[in-house]
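As structure tokens, the structure follows; a few thoughts come after it.
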Amino acid sequence: MSFSVLFWSVSVGLFIGFCMGVGCALAVMYSIYMHGYRAAIRDAHVTETPERYQTEMRKFQASQSEDKKG
């Protein structure tokens, strides 16, 4: 195999494997981050908290008061 064929094969392989792979991974992570951020902002503006949140807060507050007593 000549040097020029090897060079171009390696160059194309690195570009597709590294640049495209990292770029796609970053795009996926960014879309997950933005959706989570938007959902958090949307949930922060809810006037009434969900029942599950209220239940967990009561459990948390009970455990905090037990820790202060004991």
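Quick notes
- Complete set of residues in region 1-35 that are polar (S, T, N, Q) and part of a helix (DSSP H, G or I): 4, 9, 11, 31
- Scanning region 1-14 for residues that are among the hydrophobic types (A, V, I, L, M, F, W, C) and either modelled with pLDDT under 85 or exposed (fewer than 10 other Cβ atoms within 10 Å of the Cβ) (or both) yields 1, 3, 5.
- Residue list for region 15-52, filter: surrounded by 10 or more Cβ atoms within 10 Å (Cβ to Cβ) and charged (D, E, K, R): 38, 43
The values are calculated or read from the model by the stated rules, or taken from the named source; none is laboratory data. Given the structure is predicted, the values throughout are model-derived calculations rather than measurements. Here the Cβ is made from the backbone with ideal geometry for all residues, glycine too, and neighbour counts use every protein chain on show.
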